[in-house]
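Structure, as structure tokens:
The values are calculated or read from the model by the stated rules, or taken from the named source; none is laboratory data. A quick note: this is a predicted structure, and the numbers were derived from the prediction, not measured. Cβ: placed from backbone, ideal geometry, glycine included. Neighbour counts: every protein chain shown. With ligands, DNA and RNA removed, areas are computed over all heavy atoms of the protein, side chains included. Shrake-Rupley method; radii C 1.70, N 1.55, O 1.52, S 1.80 Å.
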Amino acid sequence: MVGASRAVWLHLLALYVLCLKPRLATNLSVAESEPTTLEHVYIGVKTTGKYHDSRLPILLQTWFTGAVREQAFFFSDREDEKLQTRSGKRLYVTNCGATHGQADLCCKTEAMLKELARYGTQMGLEGRAPWRWVCTFDDDNYVNAAALVEMLQKYDSNTSVYLGRPSTGQAVHNWFEARTQPIKLGSYTVPKASSFWFATGGAGVCFSRALVDRVFAFLEETGPLSDICVWVGHSTET
């Protein structure tokens with residue numbers, strides 16, 4: 001699952017880095033004017049029906065407890081009344097496929113973004129994320145919430161930043177070298193060749209509110225994330 005998740009976030013981050021140009025927070029460290037707390041963090045966990053009875057009970061008995069329970073949500077491809085009850089009705093059924101293919105994984109990511117946008121609209125924040133930070137994890141990750149918040153307190157969510165573990169020892173080069181011309185996605189231009197760093201989804205990734213807001217605007221103009229994933233699909237094994 002980690003490998004498949006890596007491919008999906010590589011899709012996303014390639015586009016975000018090339019089109020939106022966020023900063024991978026390595027040397028950046030600017031704290032909020034008011035300290036970030038767990039209440040400012042949205043935690044999304046992507047899972048699938050086949051792991052409801054094996055992986056998720058471990059999460060529910062360990063880190064998915066206490067205050068974290070109020071901030072974390074599961075996104076799966078299968079309804080599960082038992083899990084719905086045990087998680088405090090924090091299971092969202094995405095209507096996505098159950099495979100680890102590009103389309104199904106992108107579908108779950110898109111479902112998570114739509115849910116964030118829905119929350120924002122309900123709170124009167126049309127086109128904006130209602131949390132300072134949006135963090136996504138796989139169902140085989142252990143989340144140390146206290147350490148996560150301590151790390152996020154060092155950064156300003158009002159700047160476009162994503163946090164995560166670099167997947168490679170050097171920048172990825174010539175991602176779109178097969179293209180003969182730059183590609184236009186709405187008003188955004190994707191160069192035919194570039195180099196960039198990305199953080200792997202398998203280790204967990206956090207996006208600042210400012211970056212999520214820009215992603216909302218990006219997808220509003222360019223179309224469904226699932227379509228973009230298909231377009232970038234030729235590069236998933238890079």
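Points to keep in mind about this one:
- In the stretch 22-38 there is at least one residue matching the filter, namely being aliphatic (A, V, I, L, M) and modelled with pLDDT of 60 or more.
- Residue among Tyr119, Tyr16 that alone is within 15 Å of Arg209 (Cα to Cα), modelled with pLDDT under 95, surrounded by fewer than 16 Cβ atoms within 10 Å (Cβ to Cβ) and touching a strand residue (DSSP E or B) at 6+ places or on another chain (Cβ under 9 Å): Tyr119
- Residue that is nearest to Arg78 (Cα to Cα) [pool: residues in the stretch 96-145 that are hydroxyl-bearing (Ser, Thr, Tyr) and over 17 Å from the mean Cα position of the chain (by Cα)]: Thr99
- Residue check, Cys135 out of contact with any strand residue (DSSP E or B) (no Cβ under 8 Å at 6 or more places or on another chain) and open to solvent by less than 20 Å² (accessible area, probe 1.4 Å): no
- Single unsatisfied condition, Gly127 versus (1) touching a strand residue (DSSP E or B) at 6+ places or on another chain (Cβ under 9 Å); (2) surrounded by fewer than 19 Cβ atoms within 10 Å (Cβ to Cβ); (3) of a type outside the set (S, T, N, Q); (4) at pLDDT below 75: (1)
Conditions tested, residue by residue: (1) open to solvent by 10 Å² or more (accessible area, probe 1.4 Å); (2) modelled with pLDDT of 70 or more.
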residue: Pro166; (1), (2): yes, yes
residue: Gly186; (1), (2): yes, no
residue: Val190; (1), (2): no, no
residue: Val232; (1), (2): no, no
residue: Glu237; (1), (2): yes, no
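- Contacts under 8 angstrom Cβ, first residue in the stretch 146-166 being over 19 Å from Ala72 (Cα atoms) and among the acidic types (Asp, Glu), partner open to solvent by less than 30 Å² (accessible area, probe 1.4 Å) and at pLDDT below 90, 6 or more apart: Asp156/Glu32
- Any hit, the stretch 83-100, residues being in contact (Cβ under 8 Å) with a residue 60 or more places away in the chain and either open to solvent by 20 Å² or more (accessible area, probe 1.4 Å) or touching a strand residue (DSSP E or B) at 6+ places or on another chain (Cβ under 7 Å) (or both): yes
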